[in-house]
Amino acid sequence: MIVFIALKKLREAAGLSQNDLARKTGYSPQFIQKIEQNKVKSLTLEAAARFCEALDCKPGDLLEEGEPPKKLTIDKGVALNAPSAKEASHSNKRKSDKTSEVDLLKAA
């Protein structure tokens, strides 16, 4: 069983930004970001109390069981759904056809 701190879900449900929550709790936005990225494995009771006061929740609401949400990371220069080099070379051969596809990345 995996238990994680579900701060982001509660913060977003309250309509607060990380900066808003930082101001309400006295913690830094960087600390809140680390919690939301699951880089913090535990909280003190004082921290839980501050977050619960700011988010109008109970301490148990801060914890969830299951897999924490995965963060989507995209490296600089990587396009989603980009064709591989092999697919691109086949695509270049097809571009001579009159019904070639529009490249949305170039059109943007």
Only one of (1) surrounded by fewer than 10 Cβ atoms within 10 Å (Cβ to Cβ); (2) at pLDDT 95 or above fails for T73. Which number is that? (2)
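Here's the yes/no breakdown for (1) within 13 Å of P68 (Cβ to Cβ); (2) touching a residue at least 24 places away in the same chain (Cβ under 8 Å); (3) in a helix (DSSP H, G or I):
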| residue | (1), (2), (3) |
| --- | --- |
| L16 | no, yes, no |
| N19 | no, no, yes |
| R23 | no, no, yes |
| I32 | no, yes, yes |
| I35 | yes, yes, yes |
| K39 | yes, no, no |
| S42 | no, no, no |
| A49 | no, no, yes |
| C57 | no, yes, no |
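Across region 1-49, which residue is surrounded by the most Cβ atoms within 10 Å (Cβ to Cβ) among those that are of a type in the set (S, T, N, Q) and touching a strand residue (DSSP E or B) at 6+ places or on another chain (Cβ under 9 Å)?
Checked region 1-49; the qualifying residue surrounded by the most Cβ atoms within 10 Å (Cβ to Cβ) is N38.
The values are calculated or read from the model by the stated rules, or taken from the named source; none is laboratory data. Everything numeric here is computed off the predicted structure, so don't read it as measured data. Neighbour counts are summed over all protein chains in view; Cβ atoms, including those assigned to glycine, are modelled from backbone coordinates with ideal geometry.
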